[in-house]
Amino acid sequence: MSLSLADVQKVAMLARLQLSDADLERMTSQLGQIVDYVNQLAELDTENVSPLSHAGELVNVFADDNPRPSLTRAEVLSGAPKQDEECYRVPAVLGE
Amino acid sequence: MSDQPYEIVIGLEVHVQLRTRTKLFCRCSTEFGQPANTQTCPVCTGQPGSLPVMNRDAFQLSMKTALALNCQIPEFTRWDRKQYYYPDLPKGYQISQYDLPMSCDGWLEICETQGESSEKRIGIIRAHLEEDAGKSMHDEASGRADSRIDLNRTGTPLLEIVSEPDLRSAAEARAYLDELKLLLQYLDVSDCNMQEGSLRVDANVNLHLDEPSGLIATPIVEIKNLNSFRAVERALEYESRRQYEVWLEQGVKKGDIPKQTRGWDDQLEVTRAQRHKEESSDYRYFPDPDLVPVVVTPDEVERVRRSVGELPAALRSRLQAEYGVSEYDANVIVNQGRDFVAYFVEVADASGDAKRTSNWIQQEILRRMNELQISIRQFPVDAVDLASLIQAIATGQLDSSRGRDVFGRMFEQGEAVTDAMQSLGIVNVDEGSLRSLCEDLLAENPRVVAEVKEGKEKAVGALIGQAKRLNPNVNPSEVRAVCLELISQQ
């Protein structure tokens with residue numbers, strides 16, 4: 001198994017996910033299988049292959065600096081679980 | 001400085017909001033001070049299926065700044081996702097640059113004028129282009145345990161300029177920031193308004209101590225929440241004293257504990273511990289698959305380099321070399337900005353008297369600009385008119401104090417030199433009437449004549465005031481010369 005329980009705990013913490021012990025165990029096994037699957041790529045000989053930044057071949061895609069209308073505030077806040085018609089409301093951000 | 005038992009080592013990270021009309025990856029407006037959450041769209045609020053597209057101007061302004069900071073522009077650059085969870089970051093990651101920034105390895109020359117002025121090159125590790133986060137406000141007044149989030153700023157282009165840890169005092173850090181800000185203003189890439197958050201500074205600082213066991217470094221602390229350059233200076237002074245005391249008490253060295261983040265409290269003038277900074281690997285950077293890389297050709301770099309224009313350091317040297325002004329005066333003039341330098345150059349060229357021009361614009365012009373809080377562009381006396389006034393003074397047509405009267409008239413009434421002189425009744429005193437005025441004065445003041453004959457030439461000064469009272473248009477230096485000449489002939 002390529003992933004340890006501690007790895008998954010750390011990733012869960014970074015993603016702000018609270019997982020039960022049972023979930024953690026299940027995740028460790030399932031995520032581990034995914035990582036193992038992707039790890040097969042490491043078997044390839046990449047000695048003469050240069051690193052790739054993007055799967056496509058496009059470069060230099062730019063847009064001009066001309067403003068376009070934004071969404072209305074009502075529209076943009078409509079998907080928020082909690083809002084006060086001006087701002088999103090979230091659990092207190094302290095310690096900054 | 002030298003009596004401290006330690007050396008302060010400082011590196012600065014400066015975030016500059018670039019002067020674009022729209023955000024970095026979408027076309028929402030970046031205008032400051034608009035009602036909360038009225039400048040957002042699916043891209044900057046991180047809605048599924050939205051795609052960012054790079055703002056061309058933001059990239060160009062970044063490249064211009066990087067070149068002015070003597071940076072290398074790699075041919076290939078790309079953007080990465082820096083992942084962390086924070087309510088003001090709707091995508092759950094910030095689009096930034098990690099291992100292939102758009103510029104690196106530059107320097108900025110600073111002039112630290114405490115005591116002896118000396119030039120010093122501060123290394124620039126990199127300058128990279130990234131997006132800003134939103135703004136969170138803790139709503140204490142309502143008593144509700146919520147924070148309020150405004151995403152208008154989310155996605156605004158920021159250039160992060162990271163210096164080498166080359167700065168060795170709070171004063172040097174200040175000099176670096178002043179010079180960097182001036183440079184950005186000359187480049188016109190940002191409005192540099194700290195109150196509006198267009199320019200933000202984080203400082204990394206630790207101490208080097210020469211202990212018997214060898215060179216010791218204290219743990220590096222990153223200071224945040226620095227709202228002014230003054231705050232940067234004071235925070236660095238405070239933090240270096242604090243680190244020294246902690247070292248004496250606890251003896252903790254760099255590497256013993258992770259890097260700390262402390263916030264500056266501007267009221268109490270102390271730094272306070274904040275959450276431990278996550279290790280950089282915790283940000284799990286990876287190339288953003290939604291954005292394509294940027295490839296820059298040498299031709300394009302040269303094209304942007306040509307648009308940089310003459311920068312403060314070069315202008316300071318030029319004013320000294322070509323106009324013979326002192327280092328101090330060159331600094332004062334250049335620090336006022338590109339338009340002010342242009343005004344000086346135009347007046348100095350047209351009047352042919354750079355020294356007098358330098359004095360005039362530093363005294364009369366700057367004083368009135370400050371009094372009225374106006375810029376040189378708004379100044380009512382244009383360069384050509386000021387040049388004629390300075391010429392009139394240089395050729396002795398006007399003395400300095402009458403010159404100031406004429407200037408006042410030009411400034412207040414918008415008159416040209418000749419009109420202002422006429423309004424004030426200033427006419428040239430012809431040689432005949434000057435002579436007869438001097439003869440009268442000498443006849444009335446035999447004591448002065450006697451004193452001058454005894455070798456006290458200074459005594460003639462007493463006559464100048466009298467001459468001005470009889471005819472305010474006489475030129476003091478001419479009165480002096482004619483009186484001395486007449487006495488020598490007696």
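The values are calculated or read from the model by the stated rules, or taken from the named source; none is laboratory data. Nothing here was measured: the structure is a model prediction, and the numbers come from that model. For neighbour counting, all protein chains shown are included, and Cβ atoms are generated from backbone atoms with ideal geometry for every residue, glycine included.
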Criterion: away from every other protein chain (no Cβ under 14 Å), in contact with a strand residue (DSSP E or B) (Cβ under 6 Å, 6 or more places away or on another chain), at pLDDT 95 or above and within 29 Å of B:E109 (Cα to Cα) - qualifying residue of B:E239, B:E302
B:E239
Just need a number here: residues in the range A:58-79 that are facing chain B (nearest Cβ under 9 Å) and either part of a loop (DSSP other than H, G, I, E, B) or at positive phi (or both).
14
B:P35 fails exactly one of the following numbered conditions: (1) crowded, with 24+ Cβ neighbours inside 10 Å; (2) at the interface with chain A (Cβ under 8 Å from one of its Cβ atoms); (3) over 20 Å from B:P287 (Cα atoms). What is the number of that condition?
(1)
For the range B:8-61, how many residues are free of Cβ contacts under 8 Å to residues at least 24 places away in the same chain and outside any loop (DSSP other than H, G, I, E, B)?
2
Strands (runs of 3 or more DSSP E) lying entirely in the range B:192-251 (those with 3 or more residues that are in contact (Cβ under 8 Å) with a residue 24 or more places away in the chain):
B:199-211, B:221-226
Return yes when B:R367 is under 29 Å from B:L184 (Cβ atoms), in a helix (DSSP H, G or I) and of a type in the set (K, R) and no when it is not.
yes
Quick test for you: out of B:C71, B:C44, B:C26, pick the one residue that is closer than 30 Å to B:E327 by Cβ, touching a Gly at 6+ places or on another chain (Cβ under 7 Å), at pLDDT 95 or above and surrounded by 19 or more Cβ atoms within 10 Å (Cβ to Cβ).
B:C71
If you check A:M13 against the conditions, is it without any contact (Cβ under 8 Å) to a residue 60 or more places away in the chain and within 12 Å of another protein chain (Cβ to nearest Cβ)?
yes
If you take just the helices (runs of 4 or more DSSP H) that sit entirely in the range B:444-490, which of them hold at least 1 residues that are without any contact (Cβ under 8 Å) to a residue 24 or more places away in the chain and touching a Pro at 6+ places or on another chain (Cβ under 6 Å)?
B:461-470
If I filter the range B:198-205 for residues that are surrounded by fewer than 16 Cβ atoms within 10 Å (Cβ to Cβ) and in the same structural domain as B:A127 (by TED's automatic domain parsing), do I get at least one hit?
no
Is at least one residue of the range B:106-127 within 12 Å of chain A (Cβ to nearest Cβ) and not in a strand (DSSP E or B)?
no
